[in-house]
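Below: one structure in structure tokens.
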Amino acid sequence: LRRQRQMCIRDSALGCLYLRGQGVEKDESRALELFLTAAEHEKQPNAYAMYELGKMYRRGVGTGIDETRAEHWDKLAYKAFVSIEKISPDDKLQYRLGYMALHGIGTDPSPETAYQYWKKAVKLQNKDALYALGKLCLDNRNPTFSPREGERYLWESWKKHQNLQAAYLLGKAYAQGIVLPRNMEKALELLTAVAEKGNPY
């Protein structure tokens, strides 16, 4: 069983190398073949291979666009990731689940579910989830709208990780005065810092 699992992981990892042309000549057809082998493994189907298959079929990478197959693999990947996360919480997996939930990949779109997964990932120090959560909380189109919370997460993303996109969103929000109280002093401070790094906006 261990040998089968190792082979399944190997096929998925090799598929990624062929897909990106890392260490081997880029070969999308070979990548697809390896992902299918790993995803369809009888005893140890690989969730990450399923996820990659969903992306490949959706974008038509080496396959031609096939929304039906993309949706099939997306659903299987999401279900498998949920099971894995319950057994072994992991910040990168929680971030991915949040992304999939927000964009309706393999599941119904749900900002609330994305919020819950990203909150878990932030507790495990995931910097991508920190920014994503801040952005989500500042979006007044979503039921997760929480401007003070969004403001706090984006400031943390900027201060701790020098995330220029977080600084830009905050500066813009302070300048507009719609989702956060207008504060031109903070807006100028943040937007100047981002502009000096070359952001044309």
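The values are calculated or read from the model by the stated rules, or taken from the named source; none is laboratory data. As the structure is a prediction and not an experimental result, all values here were calculated from the model. Methodologically, a virtual Cβ is constructed for each residue, glycine included, from the backbone with ideal geometry; neighbour enumeration extends over all protein chains shown. Accessible surface is based on the protein model in full, side chains and every heavy atom, while ligands, DNA and RNA are left aside. Shrake-Rupley method; radii C 1.70, N 1.55, O 1.52, S 1.80 Å.
Report the charge-dipole magnitude of segment 108-201 in Debye, nearest 20, computed about the Cα centre from +1 at each Lys and Arg Cβ and -1 at each Asp and Glu Cβ.
Dipole of segment 108-201, to the nearest 20 debye: 180 debye.
Let me ask something else. Mind checking the angle between helix 28-39 and the chain's longest principal axis? C-alpha axes, 0 to 90 degrees, to the nearest 10.
80 degrees
Here's another thing I want to ask about it. Please list, by residue number, every one of the trypsin sites (Lys or Arg not before Pro) in segment 15-108 that is coil in DSSP and has at most 12 other beta-carbon atoms within 10 Å.
The qualifying sites are Lys43.
Moving on. For the chain, with every protein chain kept in place, what is the accessible area per residue (1.4 Å probe, Å²)?
Accessible surface, normalised per residue, equals 59 Å².
Once R0 is set to 30 Å, what does the formula 1/(1 + (r/R0)^6) return for the Cβ-Cβ distance between Arg148 and Lys197, expressed as a FRET efficiency to the nearest 0.05?
0.65
Got a number for carbon plus sulfur as a percent of the chain's accessible area, 1.4 Å probe?
Exposed carbon and sulfur together represent 49 percent of the surface.
Ok, one more. Give me the extension gain from Thr63 to Lys92: residue separation times 0.36 nm, minus the current Cα-Cα distance, reported in nm with one decimal.
7.7 nm
Now for a separate question. With a Förster radius of 35 Å, plug the Cβ-Cβ distance of Lys55 and Gln176 into 1/(1 + (r/R0)^6) and report the FRET value to the nearest 0.05.
Computed FRET efficiency for Lys55 and Gln176: 0.55.
Taking the 0 to 90 degree range and rounding to the nearest ten, how far is the long axis of helix 91-103 tilted relative to the main principal axis of the chain, both from C-alpha atoms?
Result, in degrees: 80.
Also: Could you tell me the accessible area of Ser83 in Å² (1.4 Å probe, neighbours in place), rounded to the nearest ten?
Roll a 1.4 Å probe over it and Ser83 shows about 60 Å².
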